[in-house]
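Take a look at the structure set out below.
The values are calculated or read from the model by the stated rules, or taken from the named source; none is laboratory data. From a predicted model like this one, the values you see are computed outputs, not experimental measurements. Cβ: placed from backbone, ideal geometry, glycine included. Neighbour counts: every protein chain shown.
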Amino acid sequence: MTTGQTAGKTTRRNVLAGIGAAGMGALAMPALVRARAGMAHVVVIGGGFGGATAANYLRRLDSSVWITVIEPNANFTTCPFSNLYLGGLRDWDSITHGYHGLRGAAIRVLETTAQDVDSVARRVTLADGTVLDYDKLILSPGIDIRWNALEGYDEAAAEIALHAWKAGPQTQALKARLEAMEDGGTFVMSITDGAFRCPPGPYERASMVAHYFKTHKPASKILLLDSKESFSKQGLFQQGWQALYGDMIEWVGQTDDGQVLRVDAQAGEVETAFGTTHRADVLNVVPPQKAGWIADRAGVTDATGWVPVRGSTFESTLVPGIHVVGDATIAAPMPKSAFCANAQGKVVAAVIAAELAGREPPAASFANTCYSLVGPDWGISVAGVYRAEGDTIVEVPDSGGVSPIDADAAFRRAEAEYGASWYAAITADTWDAA
């Protein structure tokens, strides 16, 4: 969509004319069409939990601002609950969400890719060469893979040894391979160390694959080769694995030779730090990661590949005027989770609305709850509450915590139900505009 293009540049006046020509002026907020030509323009790159929430809540806070979301996909498939799809507990449509809610709130959603960011001129260049001016920019680029950071694991290898760490075609392909695997086969997962999207994600995936195997291929095995010495909710996961799946799942930590150093995708093999070779019938690699590539083009990543931000505003510490939310950020002690991205998007929306109105931004506070499913009726969770102290994010003392290790079956069943309710609520909060 390139309406309102003048000499290669989209101006605010022409944006308004273009949206009127497209018939969108008849949507939820006709006041936007009547707004002055000098109205502020906020561009959001990325329509996931962080970006869509920021756009959604900014619209709720300011009916006069012009908002453009740049997102190449017509629909967004969520990483949360994608493991349940692998386990056969969810269908594909149930984890896929469209942008009709945002469009209904007169938020322009462009189904294209942002190719470059000029933070000095405040311009974003799109894939077709269209240039958008902006007053405020929000990046929610998600993750990309650090190709070749793990020996043998490049883009070609990833089409054979799937990562499925961006929900989409690879997730569907991984499920197909699990279904095609002979009973008695071995599913091997290599798990990176360091920062990566959704710290409990690999272990929930193992749980859901185990549920599928228990139901359809009970002689099969799961081997988790972990480059870390411990993992999120470890005691709770391992308790559930033993109770539900017996010895089907084997976890090997770093000191016990769990660190994978090399992948041979063609052979379906991995080699560990001690020189041990493991062959998989289905090989799944959770590889080293970094911020989505547009963050590099915008100049907001540091040597880690992630984006340092100011805790009070989630503005880049490297490039003033660009706010970054979601998995791409360095926001410890907050994890890289959908709940955190959603919370960060709300804070950034409040900050930008205040700045455009000439007010002081409100104090930033955040929460996170992460539900994981070990079995259909066995849920576990971890929660945290955070606040900004200057540019630093700190965990609120005595807040949050994890599910009790001694909970009974009714408690675990209730947490599984809470997880389903959480998913319904957060997806509606993100993509269904008020």
Counted residues, the stretch 226-254 - those being within 20 Å of S190 (Cβ to Cβ), more than 26 Å from the chain's Cα centre (by Cα) and part of a loop (DSSP other than H, G, I, E, B): 1
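Working carefully through the options G275, G321, find the one that is out of contact with any strand residue (DSSP E or B) (no Cβ under 6 Å at 6 or more places or on another chain) and under 23 Å from A40 (Cβ atoms). Spell out the reasoning first.
Numbers: G275 fails: under 23 Å from A40 (Cβ atoms).
Residue meeting the stated conditions: G321.
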Among (1) closer than 29 Å to N342 by Cα; (2) in the same structural domain as S230 (by TED's automatic domain parsing); (3) modelled with pLDDT of 95 or more, the one test that G194 misses: (3)
Of the criteria (1) outside the structural domain of P199 (by TED's automatic domain parsing); (2) buried (at least 16 other Cβ atoms within 10 Å of the Cβ); (3) touching a helix residue (DSSP H, G or I) at 6+ places or on another chain (Cβ under 9 Å), which one A158 fails: (1)
Taking the condition hydrophobic (A, V, I, L, M, F, W, C), under 18 Å from N368 (Cα atoms) and out of contact with any His (no Cβ under 9 Å at 6 or more places or on another chain), does F237 pass? no
Going by the structure shown, is G184 outside any helix (DSSP H, G or I), modelled with pLDDT under 95, out of contact with any strand residue (DSSP E or B) (no Cβ under 7 Å at 6 or more places or on another chain) and more than 17 Å from C79 (Cα to Cα)? no
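So that you can scan it fast, the table gives a plain yes or no per residue for (1) outside the structural domain of S64 (by TED's automatic domain parsing); (2) in contact (Cβ under 8 Å) with a residue 60 or more places away in the chain; (3) within 21 Å of E355 (Cβ to Cβ); (4) not aromatic (F, W, Y):
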residue: C79; (1), (2), (3), (4): no, yes, no, yes
residue: L86; (1), (2), (3), (4): no, yes, no, yes
residue: R90; (1), (2), (3), (4): no, no, no, yes
residue: S94; (1), (2), (3), (4): no, no, no, yes
residue: H97; (1), (2), (3), (4): no, yes, no, yes
residue: L102; (1), (2), (3), (4): no, yes, no, yes
residue: A121; (1), (2), (3), (4): no, no, yes, yes
residue: Y134; (1), (2), (3), (4): no, yes, yes, no
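Would you confirm, using the coordinates I've provided, whether A343 is of a type in the set (A, V, I, L, M), in contact with an Asp or Glu (Cβ under 8 Å, 6 or more places away or on another chain) and assigned by TED's automatic domain parsing to the domain that holds I138? Write out each step before concluding.
Working: of a type in the set (A, V, I, L, M): yes; in contact with an Asp or Glu (Cβ under 8 Å, 6 or more places away or on another chain): no; assigned by TED's automatic domain parsing to the domain that holds I138: yes.
So A343 does not fit the description; no.
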Looking at V319, V347, V385, V351, which one is of a type in the set (A, V, I, L, M) and farther than 27 Å from W431 by Cα? V319
Just to check your reading of the model, which residue among A74, A52 is touching a residue at least 40 places away in the same chain (Cβ under 8 Å) and either touching a helix residue (DSSP H, G or I) at 6+ places or on another chain (Cβ under 9 Å) or in the same structural domain as G345 (by TED's automatic domain parsing) (or both)? A52
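Restricting to the stretch 10-62, what's the tally of residues that are modelled with pLDDT under 95 and either assigned to a loop (DSSP other than H, G, I, E, B) or closer than 30 Å to A328 by Cα (or both)? Spell out the reasoning first.
Within the stretch 10-62, the first condition is being modelled with pLDDT under 95, and the residues that meet it are 10-39.
If we keep only those that are either assigned to a loop (DSSP other than H, G, I, E, B) or closer than 30 Å to A328 by Cα (or both) too, we end up with 10-12, 15, 22-23, 27-29, 33-39.
The number of residues fulfilling the criteria is 16.
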